[in-house]
Amino acid sequence: MNFLGKIFTWWNGATIGTHLWSARNGEHVGTDAQGNKYYRSKKTTGDGRERRWVIYEGANDASRVPSEWHGWLHGSFDDVPESHLPPARIWETDYTPNATGTATAYRPAGALERGGQRARATGDYEAWSPEA
């Protein structure tokens with residue numbers, strides 16, 4: 001199924017066509033801790049810039065690109081981030097994926113997915129009425 005998934009789907013990693021194009025026209029420059037692979041074009045564009053792209057390991061979700069690689073992808077600096085990363089700080093946490101739209105997403109009290117019942121309003125709330 002993984003082979004067929006690579007042929008027909010683009011939202012879960014990259015298609016075979018993308019892998020072939022990247023192998024032919026791109027240079028692999030690095031891989032982050034999540035397994036995402038980063039490439040740059042072998043040739044520059046007409047105005048002298050190089051194209052840069054990422055092939056995600058797993059679901060295509062831009063929030064999975066670490067900040068240092070995001071800066072490299074957008075041309076903020078030319079060196080590969082792995083060459084000048086500072087050591088990890090004690091307060092830094094591991095990546096957590098964006099849970100929006102999934103079963104693990106935050107649902108406040110009163111949300112339809114939690115039964116649609118919310119706590120009654122306390123005494124500091126008075127509903128508007130057009131007669132008043």
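Quick note: the coordinates plus some simple rules give every number you see, no bench work behind them. All of these numbers come straight from a predicted model, not from anything done at the bench. When we count neighbours, we look across all protein chains shown, and the Cβ atoms used for this are built from the backbone with ideal geometry, even at glycine.
Observations on the model:
- Option label - log10 I(q)/I(0) by the Debye sum over Cα atoms at q = 0.10, 0.13, 0.21 Å⁻¹ computed here, alternatives (i) -0.55, -0.74, -1.31; (ii) -0.50, -0.68, -1.13; (iii) -0.47, -0.80, -1.42: (i)
- Fewest-first ranking of SER129, SER76, using other Cβ atoms within 10 Å as the exposure measure: SER129, SER76
- The chymotrypsin sites (Phe, Trp or Tyr not before Pro) of the range 42-132 that meet both conditions, a loop assignment by DSSP and at most 14 other Cβ atoms within 10 Å of the site Cβ, are PHE77, TRP91, TYR95, TYR106, TYR125, TRP128.
- Cut-off 14 Å between beta-carbons: net charge of the residues surrounding VAL80, Lys and Arg +1, Asp and Glu -1: -4
- Charged-residue dipole, Cβ positions (Lys, Arg, Asp, Glu), the chain about Cα centre, Debye nearest 20: 580
- Seen against the Cα atoms of the chain and their longest principal axis, helix 16-25 is set at about 50 degrees.
- Longest segment of the chain lacking trypsin sites (Lys or Arg not before Pro) that sit in a DSSP loop with at most 10 other Cβ atoms within 10 Å: 1-42
- Take the chain and mark each of the GluC sites (Glu not before Pro) that is in a DSSP loop with at most 11 other Cβ atoms within 10 Å; the longest unmarked stretch, sites excluded, is 1-91.
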